[in-house]
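K.L.:
Submitted below is the structure of interest, expressed as C-alpha cells.
The values are calculated or read from the model by the stated rules, or taken from the named source; none is laboratory data. Keep in mind that this is a model prediction, so the values were computed, not measured. Counting neighbours? That spans all protein chains shown, and the Cβs are built from the backbone with ideal geometry, glycine included. Accessible surface is based on the protein model in full, side chains and every heavy atom, while ligands, DNA and RNA are left aside. Shrake-Rupley method; radii C 1.70, N 1.55, O 1.52, S 1.80 Å.
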Amino acid sequence: MSICLSLVSLVSFVVSPPQAAYAQMTTAASAGYKRDAGVPSSALPKPLREIGFDQNLNRQVPLDIRFADEDGRAVRLGDYFGVRPVVLALVYYDCPMLCTQVLNSLASTLGVLSLDPGKDFEVVTISFDPREKPPLAAAKKAAYLERYKHAGAAMGWHFLTGEQPAIDRLTKAVGFRYVWDDSLKQFAHPTGITVLTPDGRLARYLYGIDYGPRDLRFAIVDASAGRIGTPVDQVLLYCYHYDPETGRYGFVIMRAIRIAAAGTVAALATFIVVMVRRERAAAHRRSPSAIGHQP
C-alpha cells in the first residue's frame, strides 16, 4: 500500500430523479421558479423535474453533426476527434450563472494539468441555445483564453454554435436533458462535463461545477486508452476506480494492497539475490585457491 500511497501524494448516476437533478442546480438558479398550485413546498418546480444528465457510457456520439466554430466556419463534430480524447462541455454562453461556473471551473482545472491542449486532448464547448451565433462564441473564447494561458489553448479549445436539429442529436446522445423556462426566459439544465474517446465514445462523466484536477486527468488518460500520460498515471489508475454513481475516481484499497504485495515480493527477491551474491563473493575470497593466488 505504501507504494500506491506515495504515488498519490504527487446520475447508475442518472440525474433522472428530481432530487438528483436539483443537486445539479444552485439555490440562486432555482430560486425564481414558482411552484404549481397544490404542489408541496418540498417538491421541485416542474422545469427542474424534466432536466437530467443520463449516463450513456460507451455510446457513440454522431460525428457527422455540423456546427459553426467561433470564426463562423462550418465544421463537423468529427473534425475534433480521431487522434486525441475530447473534453466536451454543453453550455449556453448567455447563461447567467451555472454555465459560467462550469467554464470557470474547467479553465481553472485545465490550468493546473501538465497535459497539453491540442496535443494530448481537445476541449469542445458547444452552446445548446440555437439563438447564439459565432460572434458570441468568439467573445466567450477570448475571455477564457485570458484565464487559460496554457500553450496550445487557442488551437485546442473550441467554442461552437449550431442549429436546433444538430443540438438535439448531440444532447440526446450525451444524455443531456434541459428545458426552456418561459417565465424566467432562461434554460433549466444540469451541470457537468464529459470526456470522450478519440473515436467519439462517451467515456467519463464529471458532474457538478467543480472538477478536481486528479479526476479530470484520470478521465483524459482513461479515455486515451493509455496513449497519453506517464507510467505513474497508469499505476494510479489501477489504484483509483471510476465510480459512475458520483462521476469521480475513488481509491480502491484491494488494488493498492495487490500493488503493495507485489512490491514487497519484488523487494524481498531483490534482497535475497543481493545477499546470495555477496555471500558467494565472500566465500570465494576465503577459499584456499583464492588465497594461494595472492602475491
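K.L.:
For region 179-211, which positions are open to solvent by less than 50 Å² (accessible area, probe 1.4 Å), at negative phi and not in a strand (DSSP E or B)?
P.N.:
Listed by number, the residues that qualify are H189, P190, T191, T197, P198, Y211.
K.L.:
While we're here: Residue under question is V87, and the condition is that it be of a type outside the set (F, W, Y), buried (at least 17 other Cβ atoms within 10 Å of the Cβ) and touching a helix residue (DSSP H, G or I) at 6+ places or on another chain (Cβ under 6 Å); does it hold?
P.N.:
On the way: of a type outside the set (F, W, Y): yes; buried (at least 17 other Cβ atoms within 10 Å of the Cβ): yes; touching a helix residue (DSSP H, G or I) at 6+ places or on another chain (Cβ under 6 Å): no.
So V87 fails the test.
K.L.:
What are the residue pairs meeting all of these: first residue in region 137-165, first residue on the phi > 0 side of the Ramachandran plot, second residue open to solvent by 10 Å² or more (accessible area, probe 1.4 Å), Cβ atoms under 7 Å, and 6 or more apart or on different chains?
P.N.:
G152/D116; G152/G118; G152/K119
K.L.:
Here's a follow-up. Can you find, within region 59-81, the residue that is farthest from M155 (Cα to Cα) among those that are open to solvent by 60 Å² or more (accessible area, probe 1.4 Å) and more than 18 Å from the chain's Cα centre (by Cα)? Let's see the steps before the verdict.
P.N.:
Our first condition is that a residue be open to solvent by 60 Å² or more (accessible area, probe 1.4 Å); within region 59-81, this holds for 59-60, 64, 66, 71, 73-74, 76, 79.
Now drop any that are not more than 18 Å from the chain's Cα centre (by Cα), which leaves 64, 66, 71, 73-74, 76, 79.
Details: D64: 21, R66: 19, D71: 12, R73: 14, A74: 16, R76: 16, D79: 13 Å.
So the residue we want is D64.
K.L.:
State yes or no: is S127 open to solvent by less than 10 Å² (accessible area, probe 1.4 Å) and polar (S, T, N, Q)? Before you say what the answer is, go through the steps one by one.
P.N.:
Numbers: open to solvent by less than 10 Å² (accessible area, probe 1.4 Å): yes; polar (S, T, N, Q): yes.
Yes, satisfied.
K.L.:
Which of the residues belonging to region 93-130 are under 25 Å from I65 (Cβ atoms), in contact with a strand residue (DSSP E or B) (Cβ under 9 Å, 6 or more places away or on another chain) and part of a loop (DSSP other than H, G, I, E, B)?
P.N.:
Selection gives Y93, D94, C95, G118, F128, D129, P130.
K.L.:
Moving on. Restricting to region 154-165, give me the number of residues that are crowded, with 22+ Cβ neighbours inside 10 Å and in a helix (DSSP H, G or I).
P.N.:
Residues in region 154-165 being crowded, with 22+ Cβ neighbours inside 10 Å and in a helix (DSSP H, G or I): 1 in total.
K.L.:
Still on this structure, please answer the following. Quick one: count up the residues across region 34-85 that are touching an Asp or Glu at 6+ places or on another chain (Cβ under 7 Å) and either part of a loop (DSSP other than H, G, I, E, B) or modelled with pLDDT of 95 or more (or both). Even if it seems obvious, please write down each step before you answer.
P.N.:
First, the residues of region 34-85 that are touching an Asp or Glu at 6+ places or on another chain (Cβ under 7 Å): 46-47, 75-76, 78, 80-81, 84.
Those left that are additionally either part of a loop (DSSP other than H, G, I, E, B) or modelled with pLDDT of 95 or more (or both): 75-76, 78, 80-81, 84.
So the count comes out to 6.
K.L.:
If L98 satisfies every condition in (1) touching a helix residue (DSSP H, G or I) at 6+ places or on another chain (Cβ under 9 Å); (2) modelled with pLDDT of 95 or more; (3) open to solvent by less than 10 Å² (accessible area, probe 1.4 Å) but one, which is the exception?
P.N.:
Checking L98 against (1) touching a helix residue (DSSP H, G or I) at 6+ places or on another chain (Cβ under 9 Å); (2) modelled with pLDDT of 95 or more; (3) open to solvent by less than 10 Å² (accessible area, probe 1.4 Å), the one that fails is (2).
K.L.:
Restricting region 63-74 to residues that are in contact with a Lys or Arg (Cβ under 7 Å, 6 or more places away or on another chain) and of a type in the set (A, V, I, L, M, F, W, C), which is farthest from L136 (Cα to Cα)?
P.N.:
So in region 63-74, the residues in contact with a Lys or Arg (Cβ under 7 Å, 6 or more places away or on another chain) come out as 63-66, 70, 74.
Those still in the list that are of a type in the set (A, V, I, L, M, F, W, C) too: 63, 65, 74.
Values: L63: 24, I65: 20, A74: 16 Å.
In this case the residue turns out to be L63.
K.L.:
If you scan region 166-178, which residues turn out to be farther than 18 Å from V123 by Cα and part of a strand (DSSP E or B)?
P.N.:
Result: R177, single match.
K.L.:
Still on this structure, please answer the following. From K149, K140, which residue is of a type in the set (D, E, K, R), open to solvent by 30 Å² or more (accessible area, probe 1.4 Å) and assigned to a loop (DSSP other than H, G, I, E, B)? Talk me through it step by step, then tell me what you get.
P.N.:
Numbers: K140 fails: assigned to a loop (DSSP other than H, G, I, E, B).
Exactly one of K149, K140 is of a type in the set (D, E, K, R), open to solvent by 30 Å² or more (accessible area, probe 1.4 Å) and assigned to a loop (DSSP other than H, G, I, E, B), namely K149.
K.L.:
Give the residues of region 157-182 that are touching a strand residue (DSSP E or B) at 6+ places or on another chain (Cβ under 7 Å) and acidic (D, E), sorted by residue number.
P.N.:
Passing the criteria: only D181.
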